[in-house]
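The values are calculated or read from the model by the stated rules, or taken from the named source; none is laboratory data. In this text, all values refer to a predicted model and were calculated from it rather than measured experimentally. Here the Cβ positions follow ideal geometry from the backbone for every residue, glycine too, while neighbour counts run over all protein chains shown.
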Amino acid sequence: MADMFLDPIIEKLINAGLRYLKDQIAWQKRTKEELEKLKEILPQIQAVVHFASSQEQITDQNPALNKWLWQIRDAIDDADDVLDDLEYMELEKQVTKNMKLRRVRSIMKYMKKRLVKIIKRALKIDPNLKRLDEAVQKLYRVSTNVASFLYLVKGAKQEQQLELYRARETGSSPKNDLIGRGKEKELVMEWLRNPSNEPRETDLYRNISLLSIVGHGGMGKTTLLQHVYEDEMTKEFFDLKMWVCVSNNFDVKKVIADMLECLKNERPRLETLGALQRRLKEEVMSKKFLLVLDDIWEEDEENRDIRKWEDVLAPLASGGFGSKILVTTRTESVALMFAKVIKKKKEIFKLEGLEEDECLKLLNSHAFAGVKNPSDDDHKKLRAIAGEIVKKLSRSPLAAKVIGGVLNDHLDERHWRTVLESNLLDQNSIHSILRLSYIVLPNHLQNCFAFCCMFPEDHRYDKDDLVRMWIALGFIQPTQGMTMEDIGGRYFDVLVKKALFDKVGDDYKMHDLIHESASRFFAQVCGKLVDDEESSSKIPETLRHLFVRTTNPNILRKIKKFKHLRSLFLDGEDSNQDICYALIEMFKASRSLRFLYLLLPADLEIIPEEIGNLIHLGYLNISGYYLTMLPRSLSNLYHLQNLICDEPYKVDDFLPSDINNLSNLCYLKLSDDYISSICGIGKLKYLAELKKFVVRDESGYRIGELENMNDLHILGIYNLENVKDAEEACSAKLYAKRRLTYLALRWNNTDLRNINLDEKVLDNLQPPNCLRDLSIWRYMGARPAIWMNNVNLISNLEKIELIFGSEWETLPPFGQLPFLKSLSLWNMPKVKWLQSKYNGNDKYRTFPLLEELNISFLGALEDWFEAGVAAEDGCFFPCLIQLHINDVPMLRELPNLPPSLKSLIIWGCHPELYERYRKDGGYDRHKIAHIPDIRIEP
């Protein structure tokens, strides 16, 4: 059971409750007392929930505790709904200020009654949830009830830790032959034989080398190193050998004591860390040792483990030259951490899955264990079935071993076919290994990861989109000085480092075995409804996240039973049934939804207006290519933060006219034309992206709409010729948008343009210094904006694109920008030099990091730099990789080009330039001969 967010919700409940009780004399006193008592017992409730929610075995073995936890969670989720209702009511009042007073009072009365009900439910801890009028009496017994659970948890905690530790405790002795890892073993042995993988240094760990074996759980890391450790060579090559299984129960003193026990064959009786460190230092002094640290987990995200491992490894610095440390871990971040501790380069050996033939060999070795002649004809059919089974094991050695053992129980065809057709993860040995990955996750990461299990296998996860989902679900709590997007990004990075996601192109994917195992682990929280009524009936009612791939009305009706459902993913894309009625029923029944993802049938044109019932919704993704409009009630979902809709056919009135009521909207993914049609978009002040804002000279579309949209990361402003004057341009306040990284400024091609006005408008569209990407199209001014000539104001720019600058004569000092990597100039017929003199200074750091330079249709460009401009080091483009020149007829020569240049393409050049650099006999060809890709045409 993933943990709930107790602290912020109960704190909000208490504060909101007390605030709304001020004018309710009739029941203020009793409820206020109850709230105060809730505040008093909150630490005890926290202690039980925060621990027990992450201890699967404790709740399995104690049904009363599990039931109590879910009652608390249900009450907390109800309270969260009430708080959301109250906030919704405030938002509604802001939007509809002229609402009838009677309706406002009616809503207030309803909300307060519901708040009382939820408060009492939250405070009634006993499993039977007695009548509400017993709330006060029950409160006095709450502490006793919670204390009982604390006692149970405390006793179970010790047993749980021992059991978990025993479950992953490893020894140095291999249990079977090494199959399919001969090559990997030899590579590790070769590394051990190498006296030193780095030059000897003067630092503390100069005598020690480190190699990390990294791979998913079950890849055979431990088995590989067991065979290495027991190899005769290691006995001859090292004076001392130590094997320590660290697992997820990392304790500095225990690890050092385990090392000493390996060396002395008895447990040291020393108690202090200092005493243990001194003893270990004495034991390894000047001796060449081999240390295996098996199964290391990263336990936190704040580098506290680095300090712990410094305490562990410091005594080993006294070891002799050629000492080696082998580490096994599931994450590269652990390897990096160890490299930092001993100040060495990170050396990693990645252990991938077995080849299919090797995996089959391993499976057969266990399946036919004890059989004298497994290759004879009597077992021909079984070997054929084994060949099919192995294809389902994802090349996992662990899976091959476990399933091989299952097959070995009964050497008959019927049993083997049953295994072939069964869910492999029903075998507890696999699950118990993989579930450790989830048990050790901190509570906030458990919530985030459990939600991810709702999606189907092989789902591609987009990091930014997933973070938006987590925020909408309330999984990410604000931290001062950081945006929630940044916090969520860090959460995801930790899950990736823990190998729970693999990067696939630009997206991420969960390994099938991990997905199946995690779905099982979080089965009370996360589930699926498919075209199987029998399996659908087994889904627990505690479900919070649900994936539905069916349009069977009998199954869809089951959604009603999930009273606290927070997430719903409906995949009806391939349906040929009319699901409109089913949607109406779901929208009426699932009012607590925060997340809704709809893959709609191709023939569905309209989504029912009942979606307006989902007032808690924070994330809505609609994929329906033939939709003719979005529901008008969508404008009433004031909590909505994310609205994503696949681009349908262009239709009029697709969006509700008052969609700007969605004042909490942070992310809006629609056709640019639809977004640019929104009147008064400035009300959506939390938007992060606005790729196309089209300026019009009419109310609701003027550039002043941008004034308060200070959370924008991406902004494109079109039709700037419609800005009347400099004052109106200044009203956009681009300089105040401290998160803006991309800015596109575009004028339309028109004959009625005022050059002076263009210059004043651009002067007053100064972006913030954080800008990295700037694009300007069809600017008719003869000079750059004033802010462009001040390098300090645009010092973080990495990419610049200037296109159709027909009157532009002099470029800004782009060569001085310290981070500029890409510069594109297109159709600027009056520009004579790439870099001009400024302030009488004739020496510059010119384009220090520029990698791409594209120049096209610069008819007046006659030289690279104005006379008198010189580079400090004699090279104008020290990092240039790509130089493309097209139709620049006045340019006669190239500058000194750096060794980094990989591509030089020139079309439509001056005859003299062609003669100097042509392939067959150009007298300056030798100056560019180092470039791999050269194409020059006159």
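Quick rundown of the values:
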| quantity | calculated |
| --- | --- |
| Residues within the stretch 212-253 that are closer than 26 Å to GLU282 by Cβ and not in a helix (DSSP H, G or I), tallied | 11 |
| Answer residue from the stretch 879-938, given it is aliphatic (A, V, I, L, M) and more than 24 Å from VAL831 (Cα to Cα) and is surrounded by the fewest Cβ atoms within 10 Å (Cβ to Cβ) among those | ALA929 |
| Some residue of the stretch 533-542 being among the hydroxyl-bearing types (Ser, Thr, Tyr) and closer than 30 Å to ASP711 by Cβ | no |
| All positions within the stretch 555-579 that are at pLDDT 75 or above and either exposed (fewer than 15 other Cβ atoms within 10 Å of the Cβ) or in a loop (DSSP other than H, G, I, E, B) (or both) | ARG557, LYS560, LYS561, PHE562, LYS563, HIS564, LEU565, ARG566, GLY572, ILE579 |
| Residue that is surrounded by the fewest Cβ atoms within 10 Å (Cβ to Cβ), among those in the stretch 375-405 that are of a type in the set (Lys, Arg) and within 14 Å of SER365 (Cβ to Cβ) | ARG383 |
| Matching residues in the stretch 342-360 - criterion: being within 27 Å of the chain's Cα centre (by Cα) and not charged (D, E, K, R) | ILE348, PHE349, LEU351, GLY353 |
| Test: residue in the stretch 702-711 that is among the acidic types (Asp, Glu), surrounded by fewer than 21 Cβ atoms within 10 Å (Cβ to Cβ) and either out of contact with any strand residue (DSSP E or B) (no Cβ under 7 Å at 6 or more places or on another chain) or under 28 Å from LEU834 (Cβ atoms) (or both) | yes |
| Test: residue in the stretch 387-400 that is β-branched (Val, Ile, Thr), assigned to a helix (DSSP H, G or I) and more than 19 Å from LEU178 (Cβ to Cβ) | yes |
| Residue in the stretch 768-781 that is farthest from GLU707 (Cα to Cα), counting only those that are under 29 Å from the mean Cα position of the chain (by Cα) and part of a loop (DSSP other than H, G, I, E, B) | ARG772 |
| Criterion violated by GLU698 - all others in (1) in contact (Cβ under 8 Å) with a residue 12 or more places away in the chain; (2) assigned to a loop (DSSP other than H, G, I, E, B); (3) not small (Gly, Ala, Ser) satisfied | (1) |
| Evaluation of ALA726 against (1) modelled with pLDDT of 95 or more; (2) in contact with a helix residue (DSSP H, G or I) (Cβ under 6 Å, 6 or more places away or on another chain); (3) small (Gly, Ala, Ser) (one fails), failing number | (1) |
| Failed item, numbered, when GLN427 is tested on (1) modelled with pLDDT of 85 or more; (2) in contact with a helix residue (DSSP H, G or I) (Cβ under 9 Å, 6 or more places away or on another chain); (3) closer than 22 Å to GLU516 by Cα | (1) |
| Test result for LEU913, under 29 Å from PHE819 (Cβ atoms), of a type outside the set (Phe, Trp, Tyr), touching a strand residue (DSSP E or B) at 6+ places or on another chain (Cβ under 8 Å) and without any contact (Cβ under 8 Å) to a residue 60 or more places away in the chain | no |
| Total residues in the stretch 919-938, condition in contact with a helix residue (DSSP H, G or I) (Cβ under 7 Å, 6 or more places away or on another chain) and assigned to a strand (DSSP E or B) | 2 |
| Matching option when the condition is more than 24 Å from GLU707 (Cα to Cα) and surrounded by 21 or more Cβ atoms within 10 Å (Cβ to Cβ), among PRO812, PRO784 | PRO812 |
| Entirely in the stretch 260-374, the strands (runs of 3 or more DSSP E) that have 2 or more residues that are touching a residue at least 60 places away in the same chain (Cβ under 8 Å), surrounded by 22 or more Cβ atoms within 10 Å (Cβ to Cβ) and in contact with a strand residue (DSSP E or B) (Cβ under 8 Å, 6 or more places away or on another chain) | 289-296, 323-329 |
| Residue among GLU721, GLU705 that alone is at pLDDT below 95, in contact with a Phe, Trp or Tyr (Cβ under 9 Å, 6 or more places away or on another chain) and assigned to a helix (DSSP H, G or I) | GLU721 |
| Single condition LEU500 does not satisfy, out of (1) in a loop (DSSP other than H, G, I, E, B); (2) over 14 Å from the mean Cα position of the chain (by Cα) | (2) |
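Per-residue answers, yes or no, for (1) among the basic types (Lys, Arg); (2) at pLDDT 90 or above; (3) surrounded by fewer than 17 Cβ atoms within 10 Å (Cβ to Cβ):
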{"position": "ALA472", "(1), (2), (3)": "no, yes, no"}
{"position": "THR479", "(1), (2), (3)": "no, no, yes"}
{"position": "MET482", "(1), (2), (3)": "no, no, yes"}
{"position": "ASP486", "(1), (2), (3)": "no, yes, yes"}
{"position": "ASP493", "(1), (2), (3)": "no, no, yes"}
{"position": "LYS497", "(1), (2), (3)": "yes, no, no"}
{"position": "TYR508", "(1), (2), (3)": "no, yes, no"}
{"position": "LEU513", "(1), (2), (3)": "no, no, no"}
{"position": "PHE521", "(1), (2), (3)": "no, no, no"}
